[in-house]
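Asker: Sharing a structure with you now.
The values are calculated or read from the model by the stated rules, or taken from the named source; none is laboratory data. On a predicted model such as this, the values are computed, not experimentally measured, just so you know. Ideal geometry is used to build each Cβ from the backbone, glycine not excepted, and the neighbour counts take in all protein chains shown.
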2 protein chains.
Amino acid sequence: MSESLDIVRTKADLRARVRYWRDQGLNVAFVPTMGALHEGHLTLVRAGLEMADRVVASVFVNPTQFGPNEDFSRYPRQEELDAALLAGAGCHLLYAPSVEEMYPPGFATTISVGGVSEGLCGDVRPGHFDGVATVVTKLLLQAQPHVALFGEKDWQQLAVIRRLVRDLDVPVDVAGVPTVREADGLAKSSRNAYLSASERAIAPVLYQVLNHIAEGLRQGGVAADLCAQGRARILEAGFISVDYLEARGADGLEPLERLDRPARILVAARLAGARLIDNLAVEPGHA
Amino acid sequence: MSESLDIVRTKADLRARVRYWRDQGLNVAFVPTMGALHEGHLTLVRAGLEMADRVVASVFVNPTQFGPNEDFSRYPRQEELDAALLAGAGCHLLYAPSVEEMYPPGFATTISVGGVSEGLCGDVRPGHFDGVATVVTKLLLQAQPHVALFGEKDWQQLAVIRRLVRDLDVPVDVAGVPTVREADGLAKSSRNAYLSASERAIAPVLYQVLNHIAEGLRQGGVAADLCAQGRARILEAGFISVDYLEARGADGLEPLERLDRPARILVAARLAGARLIDNLAVEPGHA
């Protein structure tokens, strides 16, 4: 696509653009991203176009949600390509602030969400969801959209964002958008770029294991047993380690033993230098 | 005054009223309070009328900013009288939500502001400023006013709110309004109602001490020495204890030794069952 996309880099410019649209009675959708865009992000943009008249995407690799030994510095950055992809998908504006614009000197505020942020990625990545909650609140209050779209691939993140938007009365609708997958089932992720060809061939085992556990739960199996088997299978396939593999209540993310309510199976595992996550819905009574 | 005042009790009703005004191009000021209104609060309302076309006040005794041994349950509540006082001052709407409206089941989010919330009341009342930061953010995002007014009597609270509004990009202007005092200098406070007549006669020593320290700082005195003297004088006057008496930088609330920048002297002390606070500005070069 050869369309060009307007880029703003300050919250003042962002607000001016959104206000101009709102004053015309147009609805605005917002898609926050960390860039390195793939089909999953573009699906968010397209879903935004279904829900609103204008779509704003942001690209900001947020330092405060990375731990000291995580991949902040090597996280892929490709703004020109991202802008072209967004334009091609029909996005109307890109907001790409600097770290200094987001966190000026003296910045001192942290938002913590209890409950849904505990366990899973919250245990493995201490402080991660505080960083996410704080930056997402900032982005939502900077952009002031009618609706904000997030991928279901980051299911726990989506639960944290739903909780904080409700708890803080942020005036925005939150929409979750289903995970986009490769043909072999691997969830699309910017971190898939870290995989070699042989690692890439191993990666789909995550999705296979999620489906296997879903099937087992629907047949009355015990979550802990199914997850223990799944964990072994992931390690046998060649992953270095499994951060977690658990079945939880779909909304509150409370632990569960059997499929007695709508559930979500969630996994995070390390394959060479990449930490991959995925999750799958499983509903009772749909055997 | 015999005017009546509209009262709304849900954020949905509040937002509908504010939206109606905003859609007409009217500017809205917001005055959050814990009720038990006195001249200080009414001064905030009158200042709001100077800045905006409509003034909304809220009355909500926020449980999360009280410690377990503090005065939440006995904090004075007098909604009818408050509504009459607000109407008399020209306020257009009272928002008086229930605890359940503000904190529905599952509520799990906390906002923490570092730096300015440390020391002073932050040390004496652990968790207090988290409670303040969280409820004020909620109220601001519920009401969505153009400007919000806060009393300078709670100077550290005002610094915390300024910081969080800046840090989270809450789209509102924050205005501080000077402390209103009794004829003898005592800062107006809902907690003055806890004082007996003889305690009330002692209370103005706080303001006298603040002025004495300000004078000493302007003459080149050392803050720690002046505050030690002031502390002794407050105790001699009959206060039970002094939680703190300190000179700080006016905006960042950093400790200071001498008057080398705009400063604020802050005090909290206990007189019988009442904890009273006050503060005073002192500027270099105005001897």
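Asker: Would you be able to tell me the number of residues in region A:90-113 that are surrounded by fewer than 22 Cβ atoms within 10 Å (Cβ to Cβ) and assigned to a loop (DSSP other than H, G, I, E, B)?
Answerer: 10
Asker: Same structure again: Out of all the residues in region B:132-166, which are touching a Lys or Arg at 6+ places or on another chain (Cβ under 8 Å) and within 13 Å of chain A (Cβ to nearest Cβ)? Before you say what the answer is, go through the steps one by one.
Answerer: Start the filter on region B:132-166 by keeping residues that are touching a Lys or Arg at 6+ places or on another chain (Cβ under 8 Å), which leaves B:142-144, B:153, B:155.
Those that are touching a Lys or Arg at 6+ places or on another chain (Cβ under 8 Å) and within 13 Å of chain A (Cβ to nearest Cβ): B:Gln142, B:Ala143, B:Gln144.
Asker: Right, here's the next one. Taking the criterion of being surrounded by fewer than 14 Cβ atoms within 10 Å (Cβ to Cβ), more than 17 Å from the chain's Cα centre (by Cα), of a type outside the set (D, E, K, R) and more than 25 Å from A:Arg163 (Cβ to Cβ), would at least one residue in region A:239-248 satisfy it? Explain how you work it out, then say what you get.
Answerer: Pass one, region A:239-248, residues surrounded by fewer than 14 Cβ atoms within 10 Å (Cβ to Cβ): A:240-241.
Still in the running and more than 17 Å from the chain's Cα centre (by Cα): A:240-241.
The next check asks that each one be of a type outside the set (D, E, K, R); those that pass are A:240-241.
Still in the running and more than 25 Å from A:Arg163 (Cβ to Cβ): A:240-241.
Within region A:239-248, one or more residues are surrounded by fewer than 14 Cβ atoms within 10 Å (Cβ to Cβ), more than 17 Å from the chain's Cα centre (by Cα), of a type outside the set (D, E, K, R) and more than 25 Å from A:Arg163 (Cβ to Cβ).
Asker: If I ask for residues that are surrounded by 19 or more Cβ atoms within 10 Å (Cβ to Cβ), without any contact (Cβ under 8 Å) to a residue 40 or more places away in the chain and in a helix (DSSP H, G or I), which ones from region A:154-181 would you list?
Answerer: If the condition is that a residue be surrounded by 19 or more Cβ atoms within 10 Å (Cβ to Cβ), without any contact (Cβ under 8 Å) to a residue 40 or more places away in the chain and in a helix (DSSP H, G or I), then A:Gln157, A:Leu158, A:Ile161, A:Val165 are the ones that fit.
Asker: Moving on. What are the residues in region B:93-113 that are more than 13 Å from chain A (Cβ to nearest Cβ) and more than 19 Å from B:Phe150 (Cβ to Cβ), if any?
Answerer: Pass one, region B:93-113, residues more than 13 Å from chain A (Cβ to nearest Cβ): B:93-94, B:96, B:98-100.
Within region B:93-113, B:Ser98, B:Val99, B:Glu100 meet the criteria.
Asker: Sticking with this one: From the list B:Gly252, B:Gly221, B:Gly230, pick out the single residue that is at pLDDT below 95 and either over 24 Å from B:Glu39 (Cβ atoms) or outside the structural domain of B:His41 (by TED's automatic domain parsing) (or both). Before the answer, list the steps.
Answerer: Working: B:Gly221 fails: at pLDDT below 95; B:Gly230 fails: at pLDDT below 95.
Just one listed residue meets the conditions, B:Gly252.
Asker: A further question on this structure: Whether any residue in region B:52-68 is within 30 Å of B:Arg125 (Cα to Cα), among the hydroxyl-bearing types (Ser, Thr, Tyr) and either without any contact (Cβ under 8 Å) to a residue 60 or more places away in the chain or not in a strand (DSSP E or B) (or both) is what I want to check. Before you say what the answer is, go through the steps one by one.
Answerer: At the first step, the residues of region B:52-68 found to be within 30 Å of B:Arg125 (Cα to Cα) are B:56-68.
Okay, now just the ones that are also among the hydroxyl-bearing types (Ser, Thr, Tyr), so B:58, B:64.
If we keep only those that are either without any contact (Cβ under 8 Å) to a residue 60 or more places away in the chain or not in a strand (DSSP E or B) (or both) as well, we get B:64.
The answer is yes, given that some residue of region B:52-68 is within 30 Å of B:Arg125 (Cα to Cα), among the hydroxyl-bearing types (Ser, Thr, Tyr) and either without any contact (Cβ under 8 Å) to a residue 60 or more places away in the chain or not in a strand (DSSP E or B) (or both).
Asker: Now a separate question. Let me confirm something: among A:Leu149, A:Leu85, which residue is in contact with a helix residue (DSSP H, G or I) (Cβ under 8 Å, 6 or more places away or on another chain), part of a strand (DSSP E or B), modelled with pLDDT of 95 or more and of a type in the set (A, V, I, L, M, F, W, C)?
Answerer: Working: A:Leu85 fails: part of a strand (DSSP E or B).
Of the residues listed, the single one that is in contact with a helix residue (DSSP H, G or I) (Cβ under 8 Å, 6 or more places away or on another chain), part of a strand (DSSP E or B), modelled with pLDDT of 95 or more and of a type in the set (A, V, I, L, M, F, W, C) is A:Leu149.
Asker: Quick check on my filter: what residues within region B:220-233 are free of Cβ contacts under 8 Å to residues at least 24 places away in the same chain, in contact with a helix residue (DSSP H, G or I) (Cβ under 9 Å, 6 or more places away or on another chain) and surrounded by fewer than 17 Cβ atoms within 10 Å (Cβ to Cβ)?
Answerer: Hits for region B:220-233 are B:Asp225, B:Gln229.
Asker: Hey, among A:Ala159, A:Ala143, which residue is farther than 27 Å from A:Ala272 by Cα and within 16 Å of the chain's Cα centre (by Cα)?
Answerer: Numbers: A:Ala143 fails: within 16 Å of the chain's Cα centre (by Cα).
One residue alone meets the criteria, A:Ala159.
Asker: Then there is this: For B:Ser73, state whether it is closer than 29 Å to B:Gly273 by Cα, among the hydroxyl-bearing types (Ser, Thr, Tyr), without any contact (Cβ under 8 Å) to a residue 60 or more places away in the chain and not in a helix (DSSP H, G or I).
Answerer: Values: closer than 29 Å to B:Gly273 by Cα: yes; among the hydroxyl-bearing types (Ser, Thr, Tyr): yes; without any contact (Cβ under 8 Å) to a residue 60 or more places away in the chain: yes; not in a helix (DSSP H, G or I): yes.
The answer is yes for B:Ser73.
Asker: While we're here: Considering region A:249-268 alone, what residues qualify as being closer than 14 Å to A:Gly122 by Cβ and under 18 Å from the mean Cα position of the chain (by Cα)?
Answerer: Taking region A:249-268 and keeping what is closer than 14 Å to A:Gly122 by Cβ, we get A:252-255, A:266, A:268.
A:Gly252, A:Leu253, A:Leu266, A:Ala268, listed by residue number.
Residue-wise test of (1) over 23 Å from A:Ser189 (Cα atoms); (2) out of contact with any Pro (no Cβ under 8 Å at 6 or more places or on another chain).
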position: A:Tyr207; (1), (2): no, yes
position: A:Ala228; (1), (2): yes, yes
position: A:Arg233; (1), (2): no, yes
position: A:Ala237; (1), (2): no, yes
position: A:Ser241; (1), (2): no, yes
position: A:Glu257; (1), (2): yes, yes
position: A:Asp260; (1), (2): yes, no
position: A:Arg264; (1), (2): no, yes
position: A:Leu276; (1), (2): no, yes
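Asker: How many residues, within region A:80-113, are of a type outside the set (A, V, I, L, M) and touching a residue at least 60 places away in the same chain (Cβ under 8 Å)?
Answerer: Residues of region A:80-113 that are of a type outside the set (A, V, I, L, M), as a first pass: A:80, A:82, A:88, A:90-92, A:95, A:97-98, A:100-101, A:103-107, A:109-110, A:112.
From what is left, the residues that are touching a residue at least 60 places away in the same chain (Cβ under 8 Å) are A:88, A:91-92, A:95, A:97-98, A:101.
Count: 7.
Asker: Within region A:199-219, can one find any residue that is among the charged types (D, E, K, R) and either surrounded by 20 or more Cβ atoms within 10 Å (Cβ to Cβ) or within 21 Å of A:Arg125 (Cα to Cα) (or both)? Can you show your working first?
Answerer: Restricting attention to region A:199-219, the residues satisfying the condition of being among the charged types (D, E, K, R) are A:199-200, A:215, A:218.
Now drop any that are not either surrounded by 20 or more Cβ atoms within 10 Å (Cβ to Cβ) or within 21 Å of A:Arg125 (Cα to Cα) (or both), which leaves none.
No.
Asker: Identify, please: which residue in region A:114-131 is free of Cβ contacts under 8 Å to residues at least 60 places away in the same chain and facing another protein chain (nearest Cβ under 9 Å) and is, among those, surrounded by the fewest Cβ atoms within 10 Å (Cβ to Cβ)?
Answerer: For region A:114-131, the residue satisfying everything is A:Gly114.
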